[in-house]
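The values are calculated or read from the model by the stated rules, or taken from the named source; none is laboratory data. Quantities reported herein were computed from a predicted structural model and do not represent experimental measurements. All Cβ positions, even for glycine, are placed from backbone atoms using ideal geometry, and neighbour counts span all protein chains on display.
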Amino acid sequence: MVFQRHGQNPIKTEAKRSWLNEPTMISINLAKLNQTTENREDDNVFLFFTETAVEERRSDLRLSRVARVCKSDVGGMRTLQRRWTSFLKARLDCPFGDAGSPPLVQDVFFLQDEDNWMESLFYATFTSNPEPSSTCSQSAVCAYKLSDVRQVFRGSFLTESDSGGWVTYVGAEPFLYPGSCINDEMRAGGVVSSLNLSDTTLLFVKHHPLMEGAVAPVTGRPLLVRSATQFSRIVVDKVTSLDGQQHHIMFIGTTSGWLQKGVWLDGEGGRIVEELQLFHDAQPIYFLQLSSRSGQLYGGARAAVVQLSVRDCSRYTSCHDCLLARDPYCGWDLLTGLCAAVGGASDASMVQSLADGDVGSCPYADWQQPFTAVQLTAGVAQFLPCSPDTNLAVSWSFSGSVLQPGPRLVLLSQGLVVTPSSTDAGLYTCETVEAVKGREHRRTVVRYRVQVHDKSSRIQDVAVIVSAACAGVGLMFLYRCCRQKVKNHVGCGNRGRDADMGGTEVTGGGGEGGALR
């Protein structure tokens, strides 16, 4: 049941399966149209939910819905008293996954366009298999334009036939379009409130709440699709890049505690810019709140809340990483040599390449990467680490040739495990790789100059070291023995001379000389 309280008189939905059938409410959003449209239409309220479909043959099939009601709706005078007179609903489509099991909406964020409300967008997350234990689920983000949603509510209605099926209504419709919100045209005709609506109009709404058309995403397909993950929450921010274009940045929470930052670019589709694990333990993200003014994002689980800056570009430590990330928040500052937020910056001090990730404007020094000398033992598996600061794919090469996994090579996300032979000595290079519009960009992360020693030569080296050490210890022992014998010999000679001298004592005077007594 959906209700709104006007003073002491709550307005609620009609208790009919055709209105709501085992619904799960997801989101409620207000579109302020009264002061932004020419005919001063009443503000619209949009409700997103899932429910068991009454119009489908499968009795257990659940669908995603969007419904609309008017903010100032107070119910009808005789028909639909204290009931919504404007409640209409339609199917919400996001085409991906199994066609026989439609994905279900999980969260909705309303990105308002204050200059043109009809261009406002609803961003919604969907999951094809919302069961927490599912390992084969897919998730997606679809966007819907406010004007497209409203257009569906101007279309044809479905009606229940005598056989129990649902078909398109082809009969006559009331003079005032059912479900319409009060506007200046209606006010001029004497309809200033839902109490003024005719019984004919209200009876039609009561029996025909379901629209025939479905709301389709703006691109006809999802902006993003991810496998083996479940999106839970979404918020969206707007940022202006250095070229003056505005971009929408999506922050998507998952049931495993990851935060994914995505962007959709014209002609390229959506992509993930960054992924962050918000909590030490894997916890579903139940709450996301964005403060665009302060640039802070707040994420919450059942037992923890985190705060982070959406404009933190410090993780991109080089010009290559900064530009190849194509993060609309970030640009490379040529004066400071740092990746920084572009807000308030000018083209003169910063460079950015969102279209193709062109790193040609990076300083030449950024291209250079020294190598690390490493000694490996033949036949022994050893690890060469490579941990880039970005989420880009990693490629390894040996003396200019790309390495492929094999019996003696294991390519991991954090490095290379190599079991070398004597022929594997040379230069190993780890690079990040990103393809942008068919153009491949590479950046060196680390280089290793590898020398390989045979086990036998390594054993010989150890034997030589041990022999040298033993010889050194023997010589030291012999030296100490000889020195002790010399001391004993000298001491005995002094005592003889003292006796011959009648006990004359020689005492040191603190200097080099002595005194005789």
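Points worth noting:
- The residue pairs whose first member lies in segment 167-178 and is exposed (fewer than 12 other Cβ atoms within 10 Å of the Cβ), whose second member is part of a loop (DSSP other than H, G, I, E, B) and not aliphatic (A, V, I, L, M), and whose beta carbons are closer than 7 Å, counting only pairs six or more residues apart or on different chains, are Thr168/Ser156.
- The residue that is surrounded by the most Cβ atoms within 10 Å (Cβ to Cβ), among those in segment 311-356 that are at positive phi and not basic (Lys, Arg), is Gly337.
- Segment 7-44, subset surrounded by fewer than 20 Cβ atoms within 10 Å (Cβ to Cβ) and among the hydrophobic types (A, V, I, L, M, F, W, C), residue modelled with the lowest pLDDT: Ala15
One line per residue, one yes/no per condition, for (1) in a strand (DSSP E or B); (2) under 30 Å from Ser361 (Cα atoms):
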residue	(1), (2)
Phe251	yes, yes
Ala282	no, no
Val306	yes, no
Cys322	no, yes
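- Among the residues of segment 206-223, not one is part of a strand (DSSP E or B) and at pLDDT below 95.
- When Thr127, Thr159 are screened for being closer than 26 Å to Arg58 by Cβ, among the hydroxyl-bearing types (Ser, Thr, Tyr) and touching a Ser or Thr at 6+ places or on another chain (Cβ under 6 Å), only Thr127 passes.
- Screening Glu55 against (1) assigned to a loop (DSSP other than H, G, I, E, B); (2) among the acidic types (Asp, Glu); (3) surrounded by 18 or more Cβ atoms within 10 Å (Cβ to Cβ) leaves a single unmet condition, (3).
Residue by residue, here is whether (1) farther than 26 Å from Val205 by Cα; (2) touching a strand residue (DSSP E or B) at 6+ places or on another chain (Cβ under 7 Å); (3) charged (D, E, K, R) holds:
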position	(1), (2), (3)
Thr37	no, no, no
Arg40	no, no, yes
Ala53	no, yes, no
Met77	no, no, no
Arg82	no, yes, yes
Cys94	yes, yes, no
Asp107	yes, yes, yes
Thr127	yes, yes, no
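Residue-by-condition table, conditions (1) out of contact with any His (no Cβ under 8 Å at 6 or more places or on another chain); (2) not in a strand (DSSP E or B):
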site: Ala348; (1), (2): yes, yes
site: Ala355; (1), (2): yes, yes
site: Cys362; (1), (2): no, yes
site: Leu384; (1), (2): yes, no
site: Ser395; (1), (2): yes, no
site: Gln404; (1), (2): yes, yes
site: Thr423; (1), (2): yes, yes
site: Cys430; (1), (2): yes, no
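- Residues of segment 298-337 satisfying the condition of being touching a residue at least 60 places away in the same chain (Cβ under 8 Å) and in contact with a Pro (Cβ under 9 Å, 6 or more places away or on another chain): Asp321
- Annotation note: of Ser346, Ser399, the sole residue that is within 30 Å of Leu242 (Cβ to Cβ), modelled with pLDDT under 90 and not hydrophobic (A, V, I, L, M, F, W, C) is Ser346.
- Within segment 406-435, the set of residues being under 27 Å from Arg271 (Cβ atoms) and modelled with pLDDT of 90 or more comprises Leu411, Gly415, Leu416, Thr429, Cys430.
- Residue in segment 20-41 that is farthest from the chain's Cα centre (by Cα), counting only those that are among the β-branched types (Val, Ile, Thr) and in a loop (DSSP other than H, G, I, E, B): Thr37
- Considering segment 198-246, the residues that are surrounded by 21 or more Cβ atoms within 10 Å (Cβ to Cβ), among the aliphatic types (A, V, I, L, M) and farther than 21 Å from Pro328 by Cα include one that is farthest from the chain's Cα centre (by Cα), namely Leu202.
- When Ser294 is tested against (1) surrounded by fewer than 17 Cβ atoms within 10 Å (Cβ to Cβ); (2) in contact (Cβ under 8 Å) with a residue 40 or more places away in the chain; (3) under 27 Å from Val351 (Cβ atoms); (4) more than 14 Å from the chain's Cα centre (by Cα), just one condition goes unmet, and that condition is (2).
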